[in-house]
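These notes concern the structure reproduced below.
The values are calculated or read from the model by the stated rules, or taken from the named source; none is laboratory data. None of the values given here were measured: they were computed from a predicted structure. Counting neighbours? That spans all protein chains shown, and the Cβs are built from the backbone with ideal geometry, glycine included.
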Amino acid sequence: MDGWERRFWRQRLFPSLDGAAAQGCPRLWLHAASVGEVTGALAVIRRLRQARPQAALYLTVGTPQGCLFARRHVPPGVRVLPAPLDLPWSVRAFLTSVAPDLFVVFESEFWPVLHGALRRNGVPVVLLNGRLSQKSLDSYRRFPAIFRPIFRSLSRAAVKSEEDARRLIALGVSPDKVRVLGSSKVDTLVDRADPQRAMWWRERLQVPTGVPVMVAGSLRGREGTDLLQVFATLKASTPNLLGIFAPRHLDRVPVLWEWLGRQGIAYENLSSFLESGKRARSADVIVVDRIGHLFNLYALGDLVFCGGSLVPVGGHNILEPVAWGKAVFYGPHLDSVLEEHEILSRSGVGICVSSREDLRERWMKLLEEPERLGAHRRRALAALQEMAGVADRQVAVLLHLLERRHAGPVSEG
């Protein structure tokens, strides 16, 4: 455990918030367990900051990694803090310092000591991006004396699906307080999807309009060479196909170099375009040997694959390509992204393939029938329109509750 982690856990046990409490303005305490929940919270926080610039926003996070991630991405003026442990003195110290007008929890964090203290202090509790598995439902039902008061006291619950709504109501949430709004994670990604950056990459990599592009991202294990083999097969029938290959970890880059060298396939590294400025591209394979660029590179893709899914890793962020209006293909190992898979498969823009061969056959048909590729694009854009906007509806719920506690006009910004 390094120095930062020790400080993080010490602050969770003994919160120290000197000067944290803001007077004379609305105070919102938002809580996210870790990186995934923070991702959904960011879109809500940005819109809250626009609608109520004078409000004091505190975001607590339950893991060191999530806390660092939040501090890198929240708007200026939002205070990111380690979440107090669910112990009486930790919760009391934090609650006294912040004195929130509203407590907002993302996804599924229901701590008895914390929620009991909020209830005694009359602080409304709102659940956003709410989700509840059957396993969690069964667990909470085993301890009704502890958890039923938590669910019955929720002021609002904005959940991801009808099934989540049904389970929360079964635990005691009043049906008139539950709304199925979806997930704000898509809005966070849409906020990041800057068309100017997409255009910059298209120009930098010399990708003319009409040239089909295959982007294979977050590749793990054998997926790197598997996707290169798929590319080589497709290239035989589509000579102008461009392939962009991004391993999840940079120590796998040499494996791609070695395979390409053995096959006699010319390639270039992404870093060469970053370091040398504008220049002519001399190969149709680009190996991504720098971190932090994959999200924007997805914008160029006509055929997009998200890795960690053809091998038993559990999948990676399959929502990222969709933020650019792209359909995304992935393998069957989806334990880490089941929720996202359900969202995308319902919309027809997340396509699960069983194997490398299955992926190759599907992509070959798309390249042979451009109208089907166009239909994929239109479906993805339509799905994006349908999935986006959740954060705006969630913020409207929060502002309504705030208005009941704090008089004052809401900014239209």
What's the number of the only condition in (1) over 16 Å from Leu128 (Cβ atoms); (2) assigned to a strand (DSSP E or B) that His31 fails to meet? (1)
How many of the residues in the range 83-102 are touching a helix residue (DSSP H, G or I) at 6+ places or on another chain (Cβ under 7 Å), in contact (Cβ under 8 Å) with a residue 40 or more places away in the chain and within 14 Å of Leu30 (Cα to Cα)? 4
Just name the residue that is modelled with the lowest pLDDT out of those in the range 82-112 that are surrounded by fewer than 21 Cβ atoms within 10 Å (Cβ to Cβ) and among the small types (Gly, Ala, Ser). Ser108
For Arg6, which of the numbered conditions (1) surrounded by fewer than 21 Cβ atoms within 10 Å (Cβ to Cβ); (2) in contact (Cβ under 8 Å) with a residue 60 or more places away in the chain fails to hold? (2)
Which one of these is within 20 Å of Ala382 (Cα to Cα) and either at pLDDT below 95 or not polar (S, T, N, Q) (or both): Gly292, Gly325, Gly315? Gly325
Anything in the range 192-210 that is small (Gly, Ala, Ser), outside any helix (DSSP H, G or I) and within 17 Å of Pro321 (Cβ to Cβ)? List them, or say none. Ala193
Working carefully through the options Val113, Val80, find the one that is farther than 23 Å from Glu339 by Cβ, assigned to a helix (DSSP H, G or I) and in contact with a helix residue (DSSP H, G or I) (Cβ under 6 Å, 6 or more places away or on another chain). Val113
List the pairs whose first member sits in the range 379-395 and is farther than 17 Å from Leu127 by Cα, whose second member is of a type in the set (Ser, Thr, Tyr) and at pLDDT below 85, and whose Cβ atoms are under 9 Å apart, counting only residues at least 6 apart or on separate chains? Arg379/Ser347; Ala380/Ser347; Ala382/Ser347; Ala383/Ser347; Leu384/Ser347; Glu386/Ser347; Met387/Ser347
Considering only residues of the range 48-81 that are in contact (Cβ under 8 Å) with a residue 40 or more places away in the chain and touching a Gly at 6+ places or on another chain (Cβ under 8 Å), which is surrounded by the most Cβ atoms within 10 Å (Cβ to Cβ)? Ala51
One residue is enough: does the range 218-227 have a residue meeting the conditions touching a His at 6+ places or on another chain (Cβ under 6 Å) and small (Gly, Ala, Ser)? yes
Condition broken by Gly314, with the remaining ones in (1) in contact with a Ser or Thr (Cβ under 6 Å, 6 or more places away or on another chain); (2) crowded, with 17+ Cβ neighbours inside 10 Å satisfied: (2)
Can you find a residue in the range 244-258 that is at pLDDT 95 or above, part of a helix (DSSP H, G or I) and in contact with a Ser or Thr (Cβ under 8 Å, 6 or more places away or on another chain)? yes
Out of (1) touching a residue at least 12 places away in the same chain (Cβ under 8 Å); (2) surrounded by fewer than 22 Cβ atoms within 10 Å (Cβ to Cβ); (3) part of a loop (DSSP other than H, G, I, E, B), the odd one out for Gly24 is which? (1)
Do we have any residue at all in the range 318-330 that's in contact (Cβ under 8 Å) with a residue 24 or more places away in the chain, surrounded by fewer than 18 Cβ atoms within 10 Å (Cβ to Cβ) and assigned by TED's automatic domain parsing to the domain that holds Arg252? no
So which of Leu189, Leu234, Leu228 is within 30 Å of Leu402 (Cα to Cα) and either in contact (Cβ under 8 Å) with a residue 12 or more places away in the chain or assigned to a loop (DSSP other than H, G, I, E, B) (or both)? Leu189
By my count, helices (runs of 4 or more DSSP H) wholly in the range 295-413 with at least 3 residues that are in contact with a strand residue (DSSP E or B) (Cβ under 6 Å, 6 or more places away or on another chain) and hydroxyl-bearing (Ser, Thr, Tyr) are none
Of the numbered conditions (1) surrounded by 15 or more Cβ atoms within 10 Å (Cβ to Cβ); (2) over 22 Å from the mean Cα position of the chain (by Cα), Leu334 satisfies every one except a single condition; which is it? (2)
Restricted to the range 135-165, and to residues that are charged (D, E, K, R), in contact with a strand residue (DSSP E or B) (Cβ under 9 Å, 6 or more places away or on another chain) and in a helix (DSSP H, G or I), which residue is surrounded by the fewest Cβ atoms within 10 Å (Cβ to Cβ)? Glu162
Can you tell me which residues in the range 357-398 are among the charged types (D, E, K, R), modelled with pLDDT of 85 or more and closer than 19 Å to Ala43 by Cβ? Asp392, Arg393
